[in-house]
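The values are calculated or read from the model by the stated rules, or taken from the named source; none is laboratory data. Quick caveat: nothing in here was measured; it's all calculated off a predicted structure. Using ideal geometry, Cβ is built from the backbone for each residue, glycine included, and neighbour counts are taken over all protein chains shown.
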Amino acid sequence: MAITLTLLTIGVISTLFYGSVPENLVPQLEWAALALPLALLLWQLIELSRKAAKEKEETEALADKPPPRAAALQQDPRQLQDAAVLQFLARLQEKGRLIDFVMDDMTPYADEQVGAAARIVHQGCQEVLSNFFRIEPLHDGAEEEEITLAQGYDSAAYRLVGSVPEYPPYTGVLLHRGWVTHSINLPQVSGADLTGSDEHIIAPAEVEIDPSR
């Protein structure tokens, strides 16, 4: 389009100044000599505007596009679930040193030392659990009391052990009340949160820096 307008402009100006033009056509050629450059300028401005808009769209698209690893995580819900569980473990380690307690060899320690460590683990892990779950006993009764489960009882809520008859009702002693959570609020993880080598790290190694060394 720009080339066409340029050639027309050159042709009109050449005809007007160097050609033999009838007097009645001179005003039209003068208007054409003025309009064609203006049309060419307008076309160039439109093209520049389109180019700038396209570059802006491409820049915004690149800014919104997640890294390849993040995109892969967003497309795989299972990996996001694993990441949420990993962060939950990280909180248990941070607050209650649970991983240290479970993974450490307790053989060299006295019972008093293990008991003192268990108190710290208990307090920290209880805090984390209360932040992410609303946990209550599943059965309202006390342990060691007699209980009868009638026909149609919730088999997912009660696990039967011992000599179990073929058909209910079942009568026995409550060994454990069970636990149930009424809300779950695990850490919300997006693909952008795990884009590097940290995707399997529960707790980083700690290094104390001593400038005197």
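In table form, for the structure just shown:
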read-out	value
Residue within segment 131-145 that is surrounded by 10 or more Cβ atoms within 10 Å (Cβ to Cβ), out of contact with any Phe, Trp or Tyr (no Cβ under 6 Å at 6 or more places or on another chain) and part of a helix (DSSP H, G or I) present	yes
Scope segment 82-115; condition of a type in the set (D, E, K, R), touching a helix residue (DSSP H, G or I) at 6+ places or on another chain (Cβ under 8 Å) and loosely packed, with under 14 Cβ neighbours inside 10 Å; matching residues	Asp100
Test: residue in segment 38-47 that is of a type in the set (D, E, K, R), assigned to a helix (DSSP H, G or I) and modelled with pLDDT of 75 or more	no
Failed criterion for Glu199 (all others in (1) closer than 30 Å to Gln87 by Cα; (2) in a loop (DSSP other than H, G, I, E, B) hold)	(2)
From the options Gly152, Gly162, Gly124, residue that is without any contact (Cβ under 8 Å) to a residue 40 or more places away in the chain and either closer than 18 Å to Leu92 by Cβ or touching a helix residue (DSSP H, G or I) at 6+ places or on another chain (Cβ under 9 Å) (or both)	Gly124
Search result, residues across segment 93-118 that are of a type in the set (A, V, I, L, M) and not in a helix (DSSP H, G or I)	Met106, Ala110
Set Gly124, Gly162: member being at positive phi and modelled with pLDDT under 95	Gly162
